[in-house]
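Report on one structure; see the data block that follows.
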Amino acid sequence: MSDVQRLPLQVENLVKHFGDLTAVAGVSLDLRNGECLGLLGPNGAGKSTLIRSIVGRVRPDSGTITVFGEPATSAAARKVVGWIPQDLALYPLLTCEENLRSFGEYQGLRGKDLANAIQWCLDWAALTDRAREPVKKLSGGMKRRLNMAAGMIHRPRLMLMDEPTVGVDPQSRNRIFEMIEALHHDGMSIIYTTHYIEEAERLCDRIAIMDHGSVITTGTKEELVRAAFGGRSDVIMRFASDGDRASAWAIARGGKFEGETARFAVDDPAKIAALLDAANQEKLEILDVVLRRPNLESVFLQLTGRELRD
């Protein structure tokens, strides 16, 4: 098989335990050339452990990981993989340029190749005018962008991004999105972990939903919604109070209940009237009712029974 035909990433039956905790429970997935694959799930779902297993920071108990056909632990694989961790990995007393130089030298870059890589990273991260500024003086969003640039210094073919927008303001988040979209447009293969629905919808070609260490399902947004709901729509009913009675009422009619909100999947909007009549007979006070097409959040709730933010 030629290098061009090899998938950027293949994970097969990966398992990782930490004592009695199963962090990754038999995960299998693959990444296609030039694809951005999202790992979507709540904190603690196993996303970061999976990423850290791919880059060699965690040793799996069983399973295999290959990068462009080579074992993930091989020198050939490590040469073409980039990793942007959740936590900032920067030297606060060094300037942006000095940080990139340090990470570039660590990756084996020297001379003109290193100088060109530093300039490309500064331009990509919109930090050229801050090149000689110490990291400790940068804003949180700038530090995040520099953190991403450090992971890109050797221009990897496969990039692993572990929730790179954590703790940044909306303006900085949008700038990071634009950086990722530029990489995607240029054909880079990307794994992107997130617990934000809007990030997965905007950035990812396909989405793997993770929970409790397992990949529950994988597909495009449209495929996931169609598989979970078919042609049905969501009915969302918010109640004034009496959560226990409302919860029992909703579950008895095939709905889900969270907080003060019940969700039902209906194939005919006319069925809303029947639900309203039934709630009225139970003397349940409804504050509002919304009919909408299911989205990724609906899919996650349907598959796991809990909100994504949990």
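The values are calculated or read from the model by the stated rules, or taken from the named source; none is laboratory data. Predicted, not measured: the structure shown is a model, and the values here were computed from it. Because the Cβ atoms are built from the backbone with ideal geometry, glycine has one as well, and the counts that use them run over all protein chains shown.
Any idea which of (1) surrounded by 13 or more Cβ atoms within 10 Å (Cβ to Cβ); (2) of a type in the set (Gly, Ala, Ser); (3) farther than 30 Å from residue 46 by Cβ is the one residue 298 doesn't satisfy?
Answer for residue 298: the failing condition is (3).
Among the residues of region 157-165, are any in contact with a Lys or Arg (Cβ under 7 Å, 6 or more places away or on another chain), of a type outside the set (Asp, Glu), modelled with pLDDT of 95 or more and on the phi < 0 side of the Ramachandran plot?
Scanning region 157-165 turns up no residue that is in contact with a Lys or Arg (Cβ under 7 Å, 6 or more places away or on another chain), of a type outside the set (Asp, Glu), modelled with pLDDT of 95 or more and on the phi < 0 side of the Ramachandran plot.
Which ones in region 113-136 are buried (at least 16 other Cβ atoms within 10 Å of the Cβ), of a type in the set (A, V, I, L, M) and under 29 Å from the mean Cα position of the chain (by Cα)?
Of everything in region 113-136, those that are buried (at least 16 other Cβ atoms within 10 Å of the Cβ), of a type in the set (A, V, I, L, M) and under 29 Å from the mean Cα position of the chain (by Cα) turn out to be 117, 118, 122, 125, 127, 135.
Determine which member of the set 238, 232 is within 21 Å of residue 274 (Cα to Cα) and surrounded by fewer than 16 Cβ atoms within 10 Å (Cβ to Cβ).
238
Could you tell me whether residue 110 is in the same structural domain as residue 56 (by TED's automatic domain parsing), in contact with a strand residue (DSSP E or B) (Cβ under 6 Å, 6 or more places away or on another chain) and surrounded by fewer than 13 Cβ atoms within 10 Å (Cβ to Cβ)?
Criteria not met by residue 110.
Might you check whether a residue that is surrounded by 20 or more Cβ atoms within 10 Å (Cβ to Cβ), in the same structural domain as residue 52 (by TED's automatic domain parsing) and small (Gly, Ala, Ser) occurs anywhere in region 150-168?
yes
Only residues that are closer than 26 Å to residue 14 by Cα and part of a helix (DSSP H, G or I): list them for region 174-200, please.
197, 199, 200, listed by residue number.
Select from region 35-80 the residues that are within 19 Å of the chain's Cα centre (by Cα) and either outside the structural domain of residue 220 (by TED's automatic domain parsing) or in a helix (DSSP H, G or I) (or both) and list them in ascending order.
47, 48, 49, 50, 51, 52, 53, 54
Filter region 1-24 down to the residues that are among the aliphatic types (A, V, I, L, M) and either at pLDDT below 95 or surrounded by fewer than 16 Cβ atoms within 10 Å (Cβ to Cβ) (or both), then identify the one that is farthest from residue 54 (Cα to Cα).
It comes out as 1.
Out of (1) farther than 12 Å from residue 239 by Cβ; (2) of a type outside the set (Gly, Ala, Ser); (3) crowded, with 19+ Cβ neighbours inside 10 Å; (4) in contact with a Ser or Thr (Cβ under 9 Å, 6 or more places away or on another chain), what's the single condition that is false for residue 291?
For residue 291, the exception is condition (3).
Just to be sure, is residue 140 modelled with pLDDT of 95 or more and among the small types (Gly, Ala, Ser)?
no
Give all pairs with beta carbons closer than 8 Å in which a residue from region 219-231 that is over 14 Å from residue 301 (Cβ atoms) and in contact (Cβ under 8 Å) with a residue 60 or more places away in the chain meets a residue that is charged (D, E, K, R) and surrounded by 14 or more Cβ atoms within 10 Å (Cβ to Cβ); count only pairs at least 6 apart in sequence or on separate chains.
From region 219-231, the pairs are 221/201.
Just for region 257-281: of the residues that are outside any strand (DSSP E or B) and surrounded by 13 or more Cβ atoms within 10 Å (Cβ to Cβ), which one is farthest from the chain's Cα centre (by Cα)?
278
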